[in-house]
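The values are calculated or read from the model by the stated rules, or taken from the named source; none is laboratory data. This one's a predicted model, so the numbers in the text were calculated from it and none came from an experiment. Every residue, glycine as well, gets a Cβ built from its backbone with ideal geometry; the counts of neighbours run over all protein chains shown.
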Amino acid sequence: MLLCETLCAFGAVWLQGQAVPPLPAAPPALHAVGRGEEIDGAEVDIVDGNVVGAKKRALEEAFLRAVERVFQAELEDAGFSAAGALPDELVRLRGGFATGARRYVRSYRVVEDLEAGGKLKVAVAAVVDRAFLRRQIEKARAATPAVTGPASAVQVMSPEGNPQLVPALTKALRAGGLVAEAVEAGATGRPETVRVLLRGHAKVEGEVRGAGLMAARCQVDLAVRRPGGSRDLVLPSAIEWGFGPEAPVAEQACLDRLAPLAAKVVVPAVNELSLGTVLKSVTVTLDLVEPLALERFVRRLRRVGTVSRYELRRIALGAADVRVETNLPPDVLAKALTQAMEDELTLTAEPAVGDRIRMTLRVRADAAPAFPEDEGLEASP
């Protein structure tokens with residue numbers, strides 16, 4: 001007994017001189033999705049090792065998806081039918097999100113930032129300024145009443161069988177003003193209809209660290225076939241992300257987001273095939289009050305729905321020439337450009353002469369700062 005007490009006392013004295021190893025750190029707590037936050041993600045290529053630039057592009061894409069989803073919800077609350085076309089002003093407002101989504105985001109936090117295989121994955125929890133977006137919607141509605149043009153008849157099918165994608169895209173095409181019906185692959189179509197062919201898939205990518213959600217990535221490849229034709233017009237693919245507490249929920253959320261995105265690609269192509277729209281070239285000569293005005297103009301021009309493509313032909317001190325392919329007459333195009341960019345730029349147009357328009361271009365004093373990605377000009381896709 002005496003020996004035991006002696007050894008215990010000796011051990012206690014010895015331990016007092018030793019450093020006690022720290023307890024293992026507790027695992028980090030998952031960040032719950034905050035009130036009003038929209039979880040969105042994006043995956044982009046890292047070009048020439050420029051991770052900073054890739055992150056800017058990924059954030060811009062994530063912001064766009066968050067704003068698009070809130071915009072769609074606000075439209076439904078405003079009473080727009082899924083079978084009706086949107087007014088032109090609302091279409092232009094939506095088109096501006098591609099380069100100006102950041103101005104509708106009140107705050108955000110990055111919940112995942114993963115670099116692997118030459119790609120960067122980013123997930124953010126963003127709070128969209130619904131009040132500001134709602135005011136912009138009301139302003140657009142007041143500017144132009146809804147006018148539904150002649151509807152185009154389309155049939156939607158998936159040759160490889162994607163039953164979950166066909167009805168979702170059909171509904172989205174109806175919202176875009178088309179008379180759309182879902183048919184089985186191989187069905188005999190009516191000679192007056194345009195066929196929309198899609199091939200798609202969804203893949204669960206895993207858990208979003210810090211959010212407690214599963215992430216899914218889905219993609220659809222699109223093509224349209226003119227009435228009575230045998231050749232397909234291949235369209236750009238649409239890619240989306242979805243999130244949910246479980247993998248099936250994330251996958252379904254991804255598909256629900258993908259359909260409206262795909263419809264924005266399909267509707268203009270279907271209208272051109274159905275109505276036989278003829279594109280013409282118009283040269284826009286710009287007198288630049290500030291050099292940065294050209295940068296903003298080109299960025300916004302990429303998303304103007306009535307512009308098929310453009311080419312920057314000449315840049316000089318205080319001036320530039322841009323050739324635009326469009327289905328609008330020059331005077332109507334000038335009005336469309338003025339309206340599409342009015343929140344950021346002030347354009348003053350002179351009467352068109354032949355196929356040429358001359359416009360004075362300046363940045364609005366109350367325009368939001370350019371997003372960091374807006375550095376340098378990009379060529380037309």
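If you check Ala349 against the conditions, is it closer than 20 Å to Pro268 by Cα and in the same structural domain as Arg296 (by TED's automatic domain parsing)? Against the criterion (closer than 20 Å to Pro268 by Cα and in the same structural domain as Arg296 (by TED's automatic domain parsing)), Ala349 does not qualify. For the residues Glu251, Glu272, the requirement of being modelled with pLDDT of 75 or more, more than 18 Å from the chain's Cα centre (by Cα) and surrounded by 19 or more Cβ atoms within 10 Å (Cβ to Cβ) singles out Glu251. Residues in the range 358-367 that are modelled with pLDDT of 80 or more and either more than 12 Å from Ala320 (Cα to Cα) or small (Gly, Ala, Ser) (or both): Arg362, Val363, Arg364, Ala365.
When the range 40-55 is examined, which residues are found to be out of contact with any helix residue (DSSP H, G or I) (no Cβ under 9 Å at 6 or more places or on another chain) and surrounded by 17 or more Cβ atoms within 10 Å (Cβ to Cβ)?
Listed by number, the residues that qualify are Gly53, Ala54, Lys55.
Looking at Thr170, Thr188, can you tell me which residue is modelled with pLDDT under 80 and in the same structural domain as Glu251 (by TED's automatic domain parsing)?
Values: Thr170 fails: modelled with pLDDT under 80.
Only one candidate passes the filter, namely Thr188.
Scanning the range 150-167 for residues that are in contact with a Gly (Cβ under 7 Å, 6 or more places away or on another chain) and either at pLDDT below 70 or acidic (Asp, Glu) (or both) gives Ala151, Asn162.
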